[in-house]
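Since every read-out is calculated from the coordinates, none of them should be taken as a lab result. This structure is a prediction, so every number in the text was calculated from the model and none was measured. Heads up, the Cβs are rebuilt from the backbone with ideal geometry, glycines too, and the neighbour counts pull from every protein chain shown.
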């Protein structure tokens, strides 16, 4: 799987989860480590994702933070947070699918410059694992798509030591016997995974 396809699959997974959120879900408190905000809610997390989606077309166009300026500052969710996010998500997807996108170019993030092919991995990471975490938090019946699991195993898992060195992933967790592919991935990257059912 190429890294652009991994981004698109991860972005679609997060979109599916967001599309199934209710107004009550958005008021739900989230773990403090998910955000620097005081007493963050799921709406706060969705606002972060909305801003991240808003930036994608500019990032893929090679623009720097200085060039974009304050365009995406402020409130982006409005009165219909799910619909507002969906619109920004669609624009990001269209930019990533652009037929004239130069995959050999450099993209500029707040923490450094990277080849676009690697930048897609950074964007996919955030979306894939947050989609599972949000779905798990609100109790949605959701499983990471096989394409996302395969892409993460191909592009992320071999470099986990590097990601952990900069604080992206916590330590690995024990993998339960008989674990499915999603649980193996979540344990490997250090996220909580559900225990297998007890043996009768």
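The packing ranking, built from the mean of other Cβ atoms within 10 Å per residue, places the peptides 8-15, 171-178, 139-146 in the order 8-15, 139-146, 171-178, highest first. Assuming a ≥ b ≥ c are the square roots of the Cα gyration tensor eigenvalues, decide whether the chain counts as rounded (a/c under 1.5), prolate (otherwise, with a/b larger than b/c) or oblate. In terms of gyration-tensor shape, oblate. The simple spin-label model puts a point 7 Å past each Cα toward its Cβ; for residue 63 and residue 157 those points are separated by 3.7 nm. Which whole-number percent is the relative contact order of the chain (Cα, under 8 Å, 6+ apart)? Rounded, it is 24 percent for the chain. Across the range 25-108, C-alpha contacts under 8 Å between residues 6 or more apart give a mean separation that, scaled by the residue count, equals a relative contact order of 31 percent.
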